[in-house]
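Have a look at the structure below, then the notes.
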Amino acid sequence: MQATNVEVLLPVHNEGESIETTLRAIYAELSSQVSLGFIVCEDGSRDNSRQVLRKLALEFPMRLNLSDARKGYSQAMREGMAMTEADYLLCLDSDGQCDPADFARFWEARGTADVLIGWRVHRADTLMRRSFSGFFYLLYQSVFRTPVHDPSCPYVLFSRTVAHRMATELGQMKEGFWWEFVARVHRHGFSLRELPIQHRLRAAGVTQVYRWRKMPGIFVRHVAALWTIWRETRHAI
């Protein structure tokens, strides 16, 4: 039996309308290129996400991490990284905005850097979210100077070694998981490479995190986390 050499990590919260379509599209695109498995970290959904996932787990090579309580994106991702058994882990969001067709270029380039991350050149998010990211990027880069244009992109391929290392450290940016991931891998000396990707509108629903009323609190927490991450990694480089 061939060992799985890529696992796809998907965090899921209230994605019952779209998760089956998203997962089938990923499997159809990737399964012809690699030996594939899924790690799905379901995070306290209040819709039918868990029922849909249990059904899909009978059809696809999938390990489920289900939760009755909401843990948040960051904790769900950390638990999924710790579960990684394959040689490589591909992290995608489960809202359908990531195009599985971009994977071929990532897989071809896997030996060129420790971490490959997408660059949403034409980002299909709201003006508010793009404006927030652009402003925070300037502050973020003044601290970390990472060699990427899009540190919050949720299209990332890296090895099991990186996954297990980072799973033990992440957690300061609960609403900015990939900002923190990129900062920490860069500070630890892992090489990063960006690849342009397609970015699409959500398959269904709306974001539950980046809403106007939540933005001031998110910004304050992100700024505080920058200092904490810098302090925790100051001896890493």
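The values are calculated or read from the model by the stated rules, or taken from the named source; none is laboratory data. Quantities reported herein were computed from a predicted structural model and do not represent experimental measurements. Note that each Cβ is placed from the backbone with ideal geometry, even for glycine, and that neighbours are counted across all protein chains shown. Protein only, heavy atoms only, side chains kept; ligands, DNA and RNA dropped before computing areas. Shrake-Rupley method; radii C 1.70, N 1.55, O 1.52, S 1.80 Å.
Is region 123-171 rounded, prolate or oblate when judged by the Cα gyration tensor, a ≥ b ≥ c being the square roots of its eigenvalues, rounded requiring a/c under 1.5 and prolate requiring a/b larger than b/c?
Prolate, because a/c is 1.5 or more and a/b exceeds b/c.
Can you give me the distance in nm between label points at residue 198 and residue 87, each placed 7 Å from the Cα along the Cα-to-Cβ direction?
Between residue 198 and residue 87, the label points sit 2.7 nm apart.
Which residue, chosen from 164, 138, 67, occupies the Cα position most advanced towards the positive end of the dipole of the chain, where the dipole is computed from +1 (Lys, Arg) and -1 (Asp, Glu) charges on Cβ about the Cα centre?
The listed residue farthest towards the positive side: 138.
Once you put a point 7 Å from the Cα of residue 220 and another 7 Å from the Cα of residue 127, both along the Cβ direction, what distance in nm separates them?
Taking the simple label geometry, residue 220 and residue 127 are separated by 2.7 nm.
Nearest 5 percent is fine: what portion of the DSSP beta bridges confined to the chain is antiparallel?
If I count the DSSP bridges inside the chain, around 30 percent turn out antiparallel.
List every residue whose amide H lies under 5 Å from the amide H of residue 70, counting only residues 5 or more places away in sequence or on a different chain, with H placed 1.01 Å from N in the peptide plane.
When sequence neighbours closer than 5 places are left aside, there are no close amide H contacts.
Largest first and in whole Å, give the semi-axes of the chain's equivalent ellipsoid, each being the square root of 5 times a Cα gyration tensor eigenvalue.
Calculated on Cα positions only, the semi-axes equal 26, 21, 17 Å.
Within region 33-176, what whole-number % of the accessible surface is contributed by carbon and sulfur, with the 1.4 Å probe and all protein chains included in the calculation?
Carbon and sulfur together cover 52 percent of it.
Take the alpha carbon gyration tensor of region 1-106, find the square roots of its eigenvalues, order them as a ≥ b ≥ c, and report rounded if a/c is under 1.5; if not, report prolate when a/b exceeds b/c, else oblate.
Prolate, since a/c reaches 1.5 and a/b exceeds b/c.
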